[in-house]
Amino acid sequence: MTNLTSESNSNRTNQLLVTVSCLTALVAFAANSVLCRLALGNNEIDPSSFTLIRVVSGAVTLTLIVQLQGRNPDIQWRRMLTDFCWNTWVAPLMLFVYAVFFSFAYLQLDTATGALILFATVQLCMIGFQIVKGQRLSLLEWFGVLLSIAGFVWLMLPSASTPPLIGFMLMFVAGIGWAFYTLQGKKSKSPTSDTAENFLRGVPLCLPVMLFYFESLSFTSKGFWLAVASGALASGMGYTIWYFTVKRISITVAAISQLSVPVIAAVGGVFLVNETLSTAFVFAAGMIITGIGIVSLAPKSNKSS
(Lines give C-alpha, C1' and ligand atoms only; values in the text may rest on other atoms or scores of the structure.)
Protein backbone atom coordinates (compact mmCIF):
# COMPACT_ATOMS: atom_id res chain seq x y z
CA MET A 1 0.00 0.00 0.00
CA THR A 2 2.85 2.37 0.87
CA ASN A 3 4.55 1.62 -2.45
CA LEU A 4 1.34 2.34 -4.38
CA THR A 5 0.86 5.64 -2.54
CA SER A 6 4.47 6.61 -3.15
CA GLU A 7 4.18 5.74 -6.85
CA SER A 8 0.94 7.73 -7.13
CA ASN A 9 2.55 10.78 -5.52
CA SER A 10 5.54 10.43 -7.83
CA ASN A 11 3.27 10.30 -10.89
CA ARG A 12 1.41 13.41 -9.73
CA THR A 13 4.71 15.22 -9.19
CA ASN A 14 5.91 14.24 -12.67
CA GLN A 15 2.63 15.37 -14.24
CA LEU A 16 2.85 18.69 -12.42
CA LEU A 17 6.46 19.15 -13.58
CA VAL A 18 5.51 18.45 -17.20
CA THR A 19 2.53 20.82 -16.99
CA VAL A 20 4.62 23.63 -15.51
CA SER A 21 7.40 23.01 -18.07
CA CYS A 22 4.93 23.06 -20.96
CA LEU A 23 3.34 26.29 -19.72
CA THR A 24 6.77 27.89 -19.21
CA ALA A 25 7.83 26.97 -22.75
CA LEU A 26 4.60 28.37 -24.20
CA VAL A 27 5.10 31.61 -22.26
CA ALA A 28 8.61 31.78 -23.74
CA PHE A 29 7.15 31.32 -27.24
CA ALA A 30 4.70 34.16 -26.61
CA ALA A 31 7.52 36.38 -25.31
CA ASN A 32 9.57 35.49 -28.38
CA SER A 33 6.79 36.62 -30.70
CA VAL A 34 6.55 39.93 -28.86
CA LEU A 35 10.33 40.48 -28.98
CA CYS A 36 10.46 39.64 -32.70
CA ARG A 37 7.63 42.02 -33.52
CA LEU A 38 9.14 44.82 -31.41
CA ALA A 39 12.44 44.46 -33.25
CA LEU A 40 11.32 43.75 -36.80
CA GLY A 41 8.00 45.60 -36.84
CA ASN A 42 9.57 48.86 -35.70
CA ASN A 43 12.56 48.56 -38.07
CA GLU A 44 14.99 48.38 -35.18
CA ILE A 45 16.94 45.66 -36.99
CA ASP A 46 17.00 43.85 -40.33
CA PRO A 47 15.80 40.20 -40.39
CA SER A 48 19.15 38.59 -41.26
CA SER A 49 20.98 40.40 -38.45
CA PHE A 50 18.16 39.59 -36.05
CA THR A 51 18.34 35.90 -36.94
CA LEU A 52 22.12 35.63 -36.57
CA ILE A 53 22.23 37.57 -33.28
CA ARG A 54 19.33 35.49 -31.99
CA VAL A 55 21.00 32.18 -32.82
CA VAL A 56 24.46 33.27 -31.58
CA SER A 57 22.96 34.53 -28.30
CA GLY A 58 21.15 31.25 -27.78
CA ALA A 59 24.31 29.28 -28.57
CA VAL A 60 26.48 31.29 -26.16
CA THR A 61 23.95 31.16 -23.33
CA LEU A 62 23.32 27.44 -23.60
CA THR A 63 27.03 26.60 -23.96
CA LEU A 64 27.72 28.49 -20.72
CA ILE A 65 24.92 26.59 -19.00
CA VAL A 66 26.31 23.25 -20.21
CA GLN A 67 29.74 24.23 -18.85
CA LEU A 68 28.25 25.22 -15.49
CA GLN A 69 26.55 21.82 -15.34
CA GLY A 70 30.02 20.27 -15.33
CA ARG A 71 29.91 18.63 -18.74
CA ASN A 72 32.99 18.61 -20.94
CA PRO A 73 32.47 21.14 -23.77
CA ASP A 74 35.50 19.77 -25.66
CA ILE A 75 33.61 16.56 -26.40
CA GLN A 76 30.77 18.57 -27.95
CA TRP A 77 33.09 20.73 -30.04
CA ARG A 78 35.10 17.73 -31.26
CA ARG A 79 31.92 15.88 -32.21
CA MET A 80 30.44 18.89 -33.97
CA LEU A 81 33.61 19.48 -35.97
CA THR A 82 33.99 15.87 -37.07
CA ASP A 83 30.45 14.45 -37.17
CA PHE A 84 28.77 15.28 -40.47
CA CYS A 85 26.13 12.54 -40.26
CA TRP A 86 22.80 13.77 -41.66
CA ASN A 87 20.91 12.80 -38.49
CA THR A 88 22.99 15.20 -36.37
CA TRP A 89 22.12 18.12 -38.65
CA VAL A 90 18.35 17.64 -39.04
CA ALA A 91 17.39 19.58 -35.89
CA PRO A 92 19.87 22.46 -36.49
CA LEU A 93 18.70 22.71 -40.11
CA MET A 94 15.04 22.83 -39.05
CA LEU A 95 15.87 25.46 -36.42
CA PHE A 96 17.67 27.51 -39.08
CA VAL A 97 14.76 27.19 -41.53
CA TYR A 98 12.27 28.29 -38.88
CA ALA A 99 14.36 31.22 -37.60
CA VAL A 100 15.26 32.67 -41.01
CA PHE A 101 11.90 32.29 -42.73
CA PHE A 102 10.05 33.50 -39.62
CA SER A 103 12.07 36.72 -39.52
CA PHE A 104 11.65 37.52 -43.21
CA ALA A 105 7.95 36.60 -43.20
CA TYR A 106 7.15 39.20 -40.55
CA LEU A 107 8.40 41.95 -42.85
CA GLN A 108 5.25 41.35 -44.90
CA LEU A 109 2.73 39.98 -42.39
CA ASP A 110 0.93 41.43 -39.41
CA THR A 111 1.06 39.57 -36.10
CA ALA A 112 -2.34 37.88 -36.37
CA THR A 113 -1.91 36.76 -39.98
CA GLY A 114 1.57 35.41 -39.27
CA ALA A 115 0.33 33.48 -36.24
CA LEU A 116 -2.57 31.98 -38.20
CA ILE A 117 -0.29 30.71 -40.96
CA LEU A 118 2.50 29.53 -38.63
CA PHE A 119 0.40 27.59 -36.14
CA ALA A 120 -2.00 26.18 -38.75
CA THR A 121 1.04 24.79 -40.60
CA VAL A 122 2.46 23.34 -37.37
CA GLN A 123 -0.85 21.54 -36.68
CA LEU A 124 -1.03 20.10 -40.19
CA CYS A 125 2.58 18.88 -40.13
CA MET A 126 2.64 17.37 -36.64
CA ILE A 127 -0.78 15.73 -36.66
CA GLY A 128 -0.22 14.62 -40.26
CA PHE A 129 3.13 13.08 -39.22
CA GLN A 130 1.40 11.19 -36.42
CA ILE A 131 -1.26 9.82 -38.78
CA VAL A 132 1.35 8.79 -41.38
CA LYS A 133 3.20 6.93 -38.60
CA GLY A 134 0.01 4.94 -38.00
CA GLN A 135 -1.09 6.60 -34.76
CA ARG A 136 -4.76 7.42 -35.20
CA LEU A 137 -6.58 9.96 -33.07
CA SER A 138 -9.67 8.92 -31.14
CA LEU A 139 -12.96 10.71 -31.84
CA LEU A 140 -12.61 12.61 -28.56
CA GLU A 141 -9.09 13.74 -29.52
CA TRP A 142 -10.34 14.89 -32.92
CA PHE A 143 -13.09 16.85 -31.18
CA GLY A 144 -10.52 18.54 -28.93
CA VAL A 145 -8.25 19.34 -31.90
CA LEU A 146 -11.09 20.83 -33.97
CA LEU A 147 -12.44 22.80 -30.98
CA SER A 148 -9.02 24.35 -30.33
CA ILE A 149 -8.46 25.16 -34.01
CA ALA A 150 -11.95 26.72 -34.26
CA GLY A 151 -11.23 28.86 -31.20
CA PHE A 152 -7.85 29.85 -32.61
CA VAL A 153 -9.34 30.92 -35.95
CA TRP A 154 -12.10 32.84 -34.14
CA LEU A 155 -9.45 34.59 -32.04
CA MET A 156 -7.05 35.52 -34.84
CA LEU A 157 -9.17 35.90 -37.98
CA PRO A 158 -10.83 39.29 -37.24
CA SER A 159 -7.45 41.04 -36.97
CA ALA A 160 -5.84 39.10 -39.82
CA SER A 161 -5.54 40.43 -43.35
CA THR A 162 -5.17 38.74 -46.72
CA PRO A 163 -1.47 37.88 -46.82
CA PRO A 164 0.81 38.56 -49.79
CA LEU A 165 1.83 35.31 -51.45
CA ILE A 166 5.54 35.67 -50.61
CA GLY A 167 4.80 36.39 -46.95
CA PHE A 168 2.43 33.42 -46.81
CA MET A 169 4.99 31.06 -48.33
CA LEU A 170 7.78 32.27 -46.03
CA MET A 171 5.70 31.69 -42.90
CA PHE A 172 4.43 28.37 -44.26
CA VAL A 173 8.03 27.16 -44.61
CA ALA A 174 8.82 28.52 -41.13
CA GLY A 175 5.92 26.45 -39.76
CA ILE A 176 7.26 23.30 -41.42
CA GLY A 177 10.69 23.98 -39.92
CA TRP A 178 9.30 24.49 -36.42
CA ALA A 179 7.04 21.41 -36.62
CA PHE A 180 9.92 19.12 -37.53
CA TYR A 181 12.26 20.79 -35.03
CA THR A 182 9.68 19.94 -32.37
CA LEU A 183 9.39 16.35 -33.61
CA GLN A 184 13.18 16.00 -33.34
CA GLY A 185 12.79 16.78 -29.64
CA LYS A 186 11.20 13.36 -29.18
CA LYS A 187 14.68 11.88 -29.69
CA SER A 188 16.44 14.25 -27.30
CA LYS A 189 18.38 12.56 -24.49
CA SER A 190 19.73 15.75 -22.91
CA PRO A 191 17.55 18.80 -23.68
CA THR A 192 20.12 21.41 -22.62
CA SER A 193 23.09 19.87 -24.46
CA ASP A 194 21.04 18.99 -27.53
CA THR A 195 19.54 22.48 -27.78
CA ALA A 196 22.99 24.03 -27.27
CA GLU A 197 24.40 21.93 -30.12
CA ASN A 198 21.43 22.80 -32.34
CA PHE A 199 22.08 26.51 -31.83
CA LEU A 200 25.85 26.12 -32.25
CA ARG A 201 25.39 24.22 -35.51
CA GLY A 202 22.83 26.81 -36.57
CA VAL A 203 25.34 29.68 -36.45
CA PRO A 204 27.33 28.70 -39.60
CA LEU A 205 24.04 28.03 -41.39
CA CYS A 206 22.96 31.64 -40.73
CA LEU A 207 26.21 33.24 -41.92
CA PRO A 208 25.59 32.87 -45.70
CA VAL A 209 22.19 34.56 -45.32
CA MET A 210 23.78 37.50 -43.50
CA LEU A 211 26.52 37.78 -46.13
CA PHE A 212 23.95 37.68 -48.94
CA TYR A 213 22.09 40.63 -47.39
CA PHE A 214 25.28 42.36 -46.24
CA GLU A 215 24.52 45.70 -47.92
CA SER A 216 21.13 45.96 -46.20
CA LEU A 217 22.36 45.12 -42.68
CA SER A 218 21.30 47.70 -40.12
CA PHE A 219 20.29 47.68 -36.47
CA THR A 220 19.95 50.01 -33.52
CA SER A 221 21.16 49.22 -30.02
CA LYS A 222 17.55 48.49 -29.08
CA GLY A 223 17.20 46.07 -31.99
CA PHE A 224 20.44 44.35 -30.99
CA TRP A 225 19.35 43.79 -27.39
CA LEU A 226 15.89 42.66 -28.43
CA ALA A 227 17.57 40.02 -30.62
CA VAL A 228 19.85 39.01 -27.72
CA ALA A 229 16.86 38.66 -25.38
CA SER A 230 15.01 36.65 -28.00
CA GLY A 231 17.96 34.31 -28.52
CA ALA A 232 19.28 33.90 -24.98
CA LEU A 233 16.01 33.80 -23.04
CA ALA A 234 12.89 33.22 -25.14
CA SER A 235 14.59 30.95 -27.70
CA GLY A 236 17.56 29.32 -25.96
CA MET A 237 15.99 28.72 -22.57
CA GLY A 238 12.47 28.32 -23.97
CA TYR A 239 13.46 25.70 -26.55
CA THR A 240 15.44 23.74 -23.95
CA ILE A 241 12.36 23.54 -21.73
CA TRP A 242 10.28 22.62 -24.79
CA TYR A 243 12.61 19.73 -25.67
CA PHE A 244 12.31 18.51 -22.06
CA THR A 245 8.51 18.69 -22.33
CA VAL A 246 8.05 17.20 -25.81
CA LYS A 247 9.57 13.87 -24.77
CA ARG A 248 6.92 13.55 -22.06
CA ILE A 249 3.75 14.44 -23.99
CA SER A 250 2.08 13.09 -27.11
CA ILE A 251 2.68 14.62 -30.54
CA THR A 252 -0.96 15.71 -30.64
CA VAL A 253 -0.74 17.54 -27.30
CA ALA A 254 2.58 19.11 -28.37
CA ALA A 255 0.96 20.36 -31.57
CA ILE A 256 -2.35 21.60 -30.20
CA SER A 257 -0.92 23.22 -27.04
CA GLN A 258 0.94 25.74 -29.21
CA LEU A 259 -2.39 27.26 -30.24
CA SER A 260 -2.46 28.81 -26.76
CA VAL A 261 0.57 31.02 -27.50
CA PRO A 262 -1.48 33.99 -28.85
CA VAL A 263 -3.80 33.64 -25.83
CA ILE A 264 -0.86 33.81 -23.43
CA ALA A 265 0.57 36.79 -25.31
CA ALA A 266 -2.76 38.62 -25.12
CA VAL A 267 -3.16 37.92 -21.39
CA GLY A 268 0.39 39.17 -20.87
CA GLY A 269 -0.61 42.36 -22.67
CA VAL A 270 -3.34 42.93 -20.10
CA PHE A 271 -0.85 42.93 -17.24
CA LEU A 272 2.10 44.57 -19.00
CA VAL A 273 0.55 47.27 -21.15
CA ASN A 274 -3.00 47.57 -19.73
CA GLU A 275 -4.72 46.13 -22.80
CA THR A 276 -8.33 44.98 -22.50
CA LEU A 277 -9.86 41.61 -23.39
CA SER A 278 -13.03 41.42 -25.46
CA THR A 279 -15.89 39.00 -24.83
CA ALA A 280 -15.04 37.27 -28.12
CA PHE A 281 -11.46 36.77 -26.89
CA VAL A 282 -12.66 35.16 -23.65
CA PHE A 283 -14.90 32.70 -25.52
CA ALA A 284 -12.23 31.92 -28.15
CA ALA A 285 -9.59 31.40 -25.46
CA GLY A 286 -12.01 29.16 -23.58
CA MET A 287 -12.49 27.02 -26.69
CA ILE A 288 -8.73 26.71 -27.21
CA ILE A 289 -7.97 25.79 -23.60
CA THR A 290 -10.93 23.38 -23.40
CA GLY A 291 -9.79 21.68 -26.60
CA ILE A 292 -6.24 21.32 -25.26
CA GLY A 293 -7.63 19.85 -22.04
CA ILE A 294 -9.76 17.34 -23.96
CA VAL A 295 -6.80 16.21 -26.09
CA SER A 296 -4.56 15.94 -23.02
CA LEU A 297 -7.03 13.90 -20.96
CA ALA A 298 -8.68 11.83 -23.71
CA PRO A 299 -7.98 8.06 -23.74
CA LYS A 300 -5.39 7.37 -26.42
CA SER A 301 -6.31 5.27 -29.42
CA ASN A 302 -3.95 2.36 -30.05
CA LYS A 303 -5.26 1.67 -33.53
CA SER A 304 -2.83 1.89 -36.38
CA SER A 305 -3.58 2.48 -40.01
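Keeping to the stretch 93-139, report how many residues are part of a loop (DSSP other than H, G, I, E, B) and either touching a residue at least 40 places away in the same chain (Cβ under 8 Å) or in contact with a Ser or Thr (Cβ under 6 Å, 6 or more places away or on another chain) (or both).
The number of residues fulfilling the criteria is 10.
If you go through the stretch 17-55, how many residues are among the basic types (Lys, Arg) and either within 12 Å of the chain's Cα centre (by Cα) or farther than 12 Å from Val100 by Cα (or both)?
1
I'm trying to understand the selection: among the residues of the stretch 172-213, which are of a type outside the set (A, V, I, L, M), over 15 Å from the mean Cα position of the chain (by Cα) and part of a helix (DSSP H, G or I)?
Lys187, Thr192, Ser193, Asp194, Glu197, Arg201, Gly202, Pro204, Cys206, Pro208, Phe212
Since Pro163 meets every condition but one in (1) touching a Leu at 6+ places or on another chain (Cβ under 8 Å); (2) closer than 30 Å to Ser278 by Cα; (3) not in a loop (DSSP other than H, G, I, E, B), which condition does it not meet?
Single failed check for Pro163: (3).
Pairs only if they're at least six apart or on different chains, beta carbon under 7 angstrom, first in the stretch 55-70 and within 22 Å of Cys206 (Cα to Cα) and touching a residue at least 24 places away in the same chain (Cβ under 8 Å), second part of a helix (DSSP H, G or I) and of a type in the set (Val, Ile, Thr); list them, first residue then second.
Val55/Val203; Val56/Val203; Ser57/Val228; Ala59/Val203; Leu62/Thr192; Leu62/Thr195; Leu62/Thr240
Taking the condition crowded, with 18+ Cβ neighbours inside 10 Å and either in contact with a Lys or Arg (Cβ under 8 Å, 6 or more places away or on another chain) or not aliphatic (A, V, I, L, M) (or both), does Phe199 pass?
Yes: the conditions hold for Phe199.
Check Phe152, Phe143, Phe172 and return the single one that is touching a helix residue (DSSP H, G or I) at 6+ places or on another chain (Cβ under 8 Å) and modelled with pLDDT under 90.
It is Phe152.
Pull out all pairs, ordered by first then second residue, where Cβ-Cβ is under 7 Å, the residues are six or more apart or on different chains, the first lies in the stretch 276-297 and is under 20 Å from Ile249 (Cβ atoms), and the second is among the charged types (D, E, K, R) and at pLDDT 85 or above.
Listed pairs, sorted by first residue: Val295/Glu141.
Being closer than 14 Å to Leu95 by Cβ and of a type in the set (Phe, Trp, Tyr) narrows it down to one of Trp142, Trp178, so name that one.
Trp178
Take the stretch 155-167 and flag every residue that is at pLDDT 85 or above and surrounded by fewer than 18 Cβ atoms within 10 Å (Cβ to Cβ).
Those that are at pLDDT 85 or above and surrounded by fewer than 18 Cβ atoms within 10 Å (Cβ to Cβ): Pro164, Leu165, Ile166.
Which condition from (1) more than 13 Å from the chain's Cα centre (by Cα); (2) assigned to a helix (DSSP H, G or I); (3) more than 13 Å from Arg54 (Cα to Cα); (4) not charged (D, E, K, R) is the one that Ala254 breaks?
It fails just one condition, (1).
In a helix (DSSP H, G or I), small (Gly, Ala, Ser), farther than 23 Å from Ile149 by Cα and modelled with pLDDT under 90 - does that describe any residue in the stretch 214-228?
Within the stretch 214-228 (the criterion being in a helix (DSSP H, G or I), small (Gly, Ala, Ser), farther than 23 Å from Ile149 by Cα and modelled with pLDDT under 90), the answer is yes, since at least one residue qualifies.
Would you confirm whether any residue within the stretch 185-201 is in contact with a helix residue (DSSP H, G or I) (Cβ under 6 Å, 6 or more places away or on another chain), of a type in the set (Phe, Trp, Tyr) and closer than 13 Å to Trp242 by Cα?
No, the stretch 185-201 contains no residue that is in contact with a helix residue (DSSP H, G or I) (Cβ under 6 Å, 6 or more places away or on another chain), of a type in the set (Phe, Trp, Tyr) and closer than 13 Å to Trp242 by Cα.
Restricting to the stretch 210-248, count the residues that are within 15 Å of Leu23 (Cα to Cα) and surrounded by 18 or more Cβ atoms within 10 Å (Cβ to Cβ).
Final tally of qualifying residues: 12.
Please go through (1) more than 13 Å from the chain's Cα centre (by Cα); (2) at pLDDT 85 or above; (3) buried (at least 20 other Cβ atoms within 10 Å of the Cβ) for Val263 and return the number of the only condition it doesn't satisfy.
For Val263, the exception is condition (2).
The values are calculated or read from the model by the stated rules, or taken from the named source; none is laboratory data. Predicted model, so just to flag it, every value in this text is computed and none were measured. In this analysis, Cβ positions are derived from the backbone assuming ideal geometry, glycine residues included, and neighbour counts consider all displayed protein chains.
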